[in-house]
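The values are calculated or read from the model by the stated rules, or taken from the named source; none is laboratory data. Computed from a predicted structure; not experimentally measured. With ideal geometry, Cβ positions are generated from the backbone for all residues, glycine too; neighbour counts draw on all protein chains shown.
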Amino acid sequence: MQGNVDDRLERMQELIIQVSDCLNSDSKIAVLTGSGISSESGIPTFRGKNGIWEQFRPEELANFNAFIKNPLLVQSWYKHRREIIEKVQPNVGHYALAELDDLVSDCWIITQNIDNLHQMAGSRHVVELHGNVFKNYCIECGKRYDGIDLPKSVNSMYQCECGGLIRPDVVWFGELLSETEQRKAEQYCQICQVLISIGTSGVVYPAAGLPFIARENGAFLVEINPEPTELSSLMDIIIRQESGIVLPLIVESIR
Ligand code: ZN
């Protein structure tokens, strides 16, 4: 049994060295991250086991029709999510990616997460494909309301000074991604030499299409994920382990 564990560790070390060998101070890296890296920080999936919110599925609340029908309900759900996310800290994986930024020429983070943890860890170039739960705007006049404290109206709803409803600046079910963010992500994938896919299942498009763009443009592809994903067959190197374990080792190995 011990032999097995040692073999697996040795294998992981070999893979980490192979990845580090591809990276140097001239490297341009794109890093695609999904919920896996955030769950290592303790961010729940918001499916079930959340008290009063247990009776709702995220897709029932995270859509524009639900918001217009019952703004208070949807706003309260996002308040609940912000309060949970606010207490969470980036993990060693997030910090390792921020450090990688200093060790290579470019390290672009393309994330499907809305929790702000990459920026908190210090990553400088973050594309937020699905928005950010701490950013909000008025659906009438577009005025931005960022942070935790939003203006409330007499009926407890978050309302802009113009009277319009305030919604989170996140991409809801049935909505399109921001064109600017999507274009930036695609550009990064066209010019990166290495793409690292972390904690993403590869089923949600257009994010799942990004590794294909990188591949077409000759990038080396790495997957870090404890579980096989829809993208696994595309990868040059797969490390079946949590990013909080692997990323600090890659950074250490480059240093
Ligand atoms: Zn307004």
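Given the condition at pLDDT below 90, away from the ligand (no atom under 16 Å from the Cβ) and in a loop (DSSP other than H, G, I, E, B), answer yes or no: does some residue in region 54-63 qualify?
Yes, region 54-63 has at least one match.
Give me the pairs, please: first residue somewhere in region 175-192 and more than 14 Å from A219 (Cα to Cα) and free of Cβ contacts under 8 Å to residues at least 40 places away in the same chain, second residue anywhere and of a type outside the set (A, V, I, L, M) and assigned to a helix (DSSP H, G or I), beta-carbon distance under 9 Å, and either six or more positions apart or on two chains.
Partner pairs satisfying both residue conditions: L176/Q182.
Out of all the residues in region 127-157, which are of a type in the set (D, E), modelled with pLDDT of 95 or more and surrounded by fewer than 18 Cβ atoms within 10 Å (Cβ to Cβ)?
E140
Out of the residues in region 202-230 that are assigned to a helix (DSSP H, G or I) and without any contact (Cβ under 8 Å) to a residue 12 or more places away in the chain, state the one that is farthest from S27 (Cα to Cα).
Initially, region 202-230 is screened for residues assigned to a helix (DSSP H, G or I), giving 207-216.
Still in the list and also without any contact (Cβ under 8 Å) to a residue 12 or more places away in the chain: 209, 216.
Working: G209: 22, E216: 18 Å.
Result: G209.
Tell me, yes or no, whether region 117-140 has at least one residue that is within 16 Å of the ligand (Cβ to nearest atom) and part of a loop (DSSP other than H, G, I, E, B). Show your work before the answer.
Of the residues in region 117-140, the ones within 16 Å of the ligand (Cβ to nearest atom) are 135-140.
Of the ones still in play, those that are also part of a loop (DSSP other than H, G, I, E, B) are 139-140.
Yes - at least one qualifying residue is present in region 117-140.
Run I85 past the list (1) closer than 23 Å to W53 by Cβ; (2) free of Cβ contacts under 8 Å to residues at least 60 places away in the same chain; (3) of a type in the set (A, V, I, L, M); (4) part of a loop (DSSP other than H, G, I, E, B) and report the number of the one that doesn't hold.
Tallying (1) closer than 23 Å to W53 by Cβ; (2) free of Cβ contacts under 8 Å to residues at least 60 places away in the same chain; (3) of a type in the set (A, V, I, L, M); (4) part of a loop (DSSP other than H, G, I, E, B), I85 fails exactly one: (4).
So how many residues does region 158-189 have that are surrounded by 15 or more Cβ atoms within 10 Å (Cβ to Cβ) and either away from the ligand (no atom under 16 Å from the Cβ) or not polar (S, T, N, Q) (or both)? Full working, then the answer.
The first filter runs over region 158-189 and keeps only residues surrounded by 15 or more Cβ atoms within 10 Å (Cβ to Cβ), leaving 158-160, 164-172, 177-178, 181-182, 184-186, 188-189.
Remaining after also requiring either away from the ligand (no atom under 16 Å from the Cβ) or not polar (S, T, N, Q) (or both): 158, 160, 164-172, 177-178, 181-182, 184-186, 188-189.
Result for region 158-189: 20.
What do you reckon, is I254 surrounded by 15 or more Cβ atoms within 10 Å (Cβ to Cβ) and at pLDDT 95 or above? First the steps, then the outcome.
On the way: surrounded by 15 or more Cβ atoms within 10 Å (Cβ to Cβ): yes; at pLDDT 95 or above: no.
Answer is no for this residue.
Identify, from the list K143, K152, the residue that is within 16 Å of the ligand (Cβ to nearest atom), within 16 Å of P71 (Cα to Cα) and not hydroxyl-bearing (S, T, Y). Break it down into steps so the answer makes sense when it comes.
On the way: K143 fails: within 16 Å of P71 (Cα to Cα).
Every option except K152 fails the conditions.
Please pick out the residue among S197, S253, S233 that is in a strand (DSSP E or B) and among the small types (G, A, S). Working first, answer last.
Values: S253 fails: in a strand (DSSP E or B); S233 fails: in a strand (DSSP E or B).
None of the other options fit; the residue is S197.
For region 208-221: of the residues being among the aliphatic types (A, V, I, L, M) and surrounded by fewer than 24 Cβ atoms within 10 Å (Cβ to Cβ), which is farthest from E186 (Cα to Cα)? Show your work before the answer.
If we filter region 208-221 for residues that are among the aliphatic types (A, V, I, L, M), which is where we start, we get 208, 210, 213-214, 219, 221.
Imposing the further condition that a residue be surrounded by fewer than 24 Cβ atoms within 10 Å (Cβ to Cβ) reduces the set to 208, 213, 219, 221.
Values: A208: 11, I213: 7, A219: 13, L221: 15 Å.
Per the stated criteria, the residue is L221.
Where residues in region 222-237 are closer than 14 Å to I16 by Cα and under 19 Å from the mean Cα position of the chain (by Cα), which of them is surrounded by the most Cβ atoms within 10 Å (Cβ to Cβ)?
Step one: of region 222-237, the residues closer than 14 Å to I16 by Cα are 222-225, 236-237.
Then drop every residue that is not under 19 Å from the mean Cα position of the chain (by Cα), which leaves 222-225.
Numbers: V222: 25, E223: 25, I224: 30, N225: 25.
Among those residues, the one meeting the criterion is I224.
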